[in-house]
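Working notes for the structure below.
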Amino acid sequence: MSLSTPLAKLPRLQPQIAKKFAQLGLTTLHDALFTFPFRHEDWRQRVSIADLSVGQEVTIAATVVNISSRRAWRRRGTTVTDLTVTDDSGQRLHAVWFNLPFLAKNLKTGDRLYLSGTISAAKSGRRELHNPVYERPSDDPLHQRLVPVYRSVDGLSQRQIRLVMKQAVALAGAITDPLPPSDVTALGLISLPQALADIHFPASPTEAKAAVDRLKFDELLVWHLRLLESKQQSTGHQAPVIPFHEAEIRAFVQHLPFALTNDQRLAAWQVLQDMASAAPMSRLVQGDVGSGKTVVAALVAYNTALSHYQAAFIAPTVVLANQHWQTLTAMLGKHETRLALLTGDSAEIFSAGTAANVSRREVLEALAVGTVDLIVGTHAVLHGDVVFHRLGLVIVDEQQRFGVDQRQTLIAGRDAVPHFLSLTATPIPRSLALWLNGILLISAINSKPPGRLPITSSVYGPADRLTVDRAITDTVARGEQVYVITPLIEESDSLGVRAATGEHERLTETWPHVRVGLLHGTMPAANRIAVLDQFRRHELDIVVSTTVIEVGVDVPNATLMVIEGAERFGLAQLHQLRGRVGRGAKPSACLFVTDRDDPTVRTRLQQVAATADGFAIAELDLQERGGGDLYGQRQSGLPAWQLATLNDRQLFNQVQSYTTGLNDQTRARLIKSLADSATVPPEFHPE
């Protein structure tokens, strides 16, 4: 018998059972060996019936004292099999199965059983196991370890699957490990044959984890190698080599009015190392609001200017572009860096420590001849008439606010493409998918600004309106300010959610003594800026707004964010909106409010409320929406991994580090070896 042996040829495997395996795509022992359980049940420790509690996942050893089968009188066609068992504690437990009447014939009073499942409470108050897995005691050591549970089909029991898997695992030693033993040891992994045995029948959770880690590594490794191979075939572009000007950068850091955190130093170092190569950099710096992403961008833009290349710093809104303009001129002006500002309604040039208003034409001319080192702007920088002298670096802030085509405009159509750096508090799902597939590198700034308090987040439903309004009035009474965010500008009968104009009117009428402002995207830019300036000066207590304040608004006295119709926003967008509060030293809160009395909606919002980690929220968003076409514009789709998940950041970083030192011949060999092992689908079509 070998791994190529068809399951239909196995002794004691009936033909109809072999057909059931075929429905799962398993026709040989090799297929079985590389089909992994989706969980393990811990049957090593038995729990006494006397100690059981509702909701507990348990395995018990018990004796059958009664069994019956009857038709459910409220549900036609449903059969209920009720098994009563007891153990050494003397107490009884009921195990209930639905539509499995044959169990009443297979089991009898006095049988000893292992039962595994979750304890539920019946309406009568008694404790029950619903549809538990059961096994009869035997000499098989299976009952003293973790028991694998596999995907199945009707008519194929877990016991039958395990019998086949045990035969497949006995042949795991025939698998050749594609990684050299020295690499396996250096990576802290176990061998592939050992992992294949332990993923099916581990003796402990530690063994199971080690097996999963090794098999995940192989999945991610072959996927990443295929991406590298595809990238080599699809691009011949090179980027300018911009060396690290160590002495000048050290002087820049020493002149900052604050000390860089270790995370900022590491992020800057990673970017500088990327740009010292002719391979076009594609890196995202992810960090919470106020974590110091802008100073990292300033540092690498300055390093770019030292090599006589230009940098473009693009923000999604005029407000944010102006905010960055003020920050960057203060940081870089003293280092003789020449900067320009270009938005839809303003243009400035900063040189020799002075900023002057100029025409758009003057900015374009300065860019074209190279007398501007760094341009800060909005989408205006993406217009076709903007020509650079020597563009070396593109920085996009809040990259989730730009479309696929917009993000490619400054990169496409050049023999030497610029390096690309994105900044965000919450990566969009597409960016996370690109990272997982090795196309985008990510640097994380996890440290919080000094004195920054966590934001308390809560979910409120239609019955909580008085509580939400009380939170608003209490905040204003303390002399603090409030954002109220709505998904719409005007009311819509078909959508049934609150809108900015209606909520502004309601709040103004309800509390005439409270100063309430209105802000939305169809207002002229000058009016929007005026409302925000009033809010900053505390001439307004509440601003009712659409998502135009998602980025770039910094009001430390604003401590409450109320998001109406929260279910209509993406998870990452909710996190971005929440980031408008908690920017000072006062405790802040964010209320996710929905008028839908739907448990699914509430669960989704509670996922965001439960974490302040923008990367984790992006992972949830990716799981919910998919990552999109990695090379085009399609907005859905996820990698076809059997074990690896979107949370395996550390493991994927390990894969990327490992592949860095591999030559093309070794990469090709690994791709073939790993694909032959069938841990991942053989097909791969990034186009």
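The values are calculated or read from the model by the stated rules, or taken from the named source; none is laboratory data. Bear in mind the structure is a predicted one, so any value in this text is a computation, not a measurement. As a convention, Cβ positions derive from the backbone with ideal geometry for all residues, glycine included, and neighbour counts pool all protein chains shown. These area figures cover heavy atoms from the full protein model, side chains too; ligands, DNA and RNA do not enter into them. Shrake-Rupley method; radii C 1.70, N 1.55, O 1.52, S 1.80 Å.
Worth a mention:
- Computed Rg/Rh of region 239-324, alpha carbon atoms with Kirkwood Rh: 0.95
- Residues whose amide H comes within less than 5 Å of that of HIS389, counting only those at least five positions distant or on another chain, are GLY370 (H built at 1.01 Å from N in the peptide plane).
- Distant-in-sequence amide H partners of ALA444 (H built 1.01 Å from N, under 5 Å): GLN286
- List THR185, THR343, THR645, ordered by accessible area with a 1.4 Å probe, largest first: THR185, THR645, THR343
- The residues neighbouring SER48, those whose beta-carbon lies less than 14 Å from its own, together hold a net charge of 0 under the Lys/Arg +1, Asp/Glu -1 convention.
- Per-residue ³J(HN,Hα) for region 528-541, Karplus 6.51 cos²θ - 1.76 cosθ + 1.60, θ = phi - 60°, Hz, x for Gly and Pro: 5, 4, 5, 5, 5, 5, 4, 5, 4, 7, 6, 8, 10, 8
- Region 153-207 - charge dipole about Cα centre, Lys and Arg +1 at Cβ, Asp and Glu -1, debye rounded to 20: 260 debye
- Karplus-derived HN-Hα couplings along region 11-25 (A = 6.51, B = -1.76, C = 1.60, θ = phi - 60°), whole Hz, x at Gly and Pro: x, 6, 9, 5, x, 5, 6, 4, 5, 5, 4, 4, 4, 8, x
- Cα gyration tensor shape for region 70-126, rounded if a/c is under 1.5, else prolate or oblate: oblate
- Descending by average beta-carbon neighbour count within 10 Å, the peptides 596-607, 302-313 line up as 302-313, 596-607, the highest first.
- Listed pairs LYS209/LYS586; LYS293/LYS586; LYS20/LYS123 exceeding 31 Å between Cα atoms: LYS209/LYS586; LYS20/LYS123
- Sorted on the mean count of surrounding Cβ atoms within 10 Å across their residues, most packed first, peptides 149-156, 378-385 read 378-385, 149-156.
- Each residue of region 249-256 was assigned a 3J(HN,Hα) from its phi angle through the Karplus curve 6.51 cos²θ - 1.76 cosθ + 1.60 (θ = phi - 60°); the sequence is 5, 4, 5, 4, 5, 5, 8, 5 Hz, with glycine and proline shown as x.
- The accessible surface of region 537-611, taken with every protein chain in place and a 1.4 Å probe, is 49 percent carbon and sulfur.
- Proximal charge balance of HIS419 [Cβ under 9 Å; K/R count +1, D/E count -1]: 0
- Neighbour-limited loop hits for GluC sites (Glu not before Pro), region 505-596 (at most 13 other Cβ within 10 Å; DSSP other than H, G, I, E, B): GLU539
- Near THR28, the amide H atoms lying under 5 Å from its own belong to LEU7; only residues 5 or more places off or on other chains count, and H is placed 1.01 Å from N.
- Reachable lysines, given that their alpha-carbon falls under 17 Å from the alpha-carbon of LYS166 and they are not under 8 places away in the same chain: LYS9
- Radius 11 Å from Cβ of PHE244, net charge of other residues (Lys, Arg +1; Asp, Glu -1): -2
- The Cα center of region 256-277 and the Cα center of region 353-398 differ in position by 24 Å.
- For region 285-339: rounded, prolate or oblate by the Cα gyration tensor [a/c cutoff 1.5]: prolate
- Gyration tensor verdict on region 16-124 (Cα atoms; rounded if a/c is under 1.5, prolate if a/b is larger than b/c, oblate otherwise): oblate
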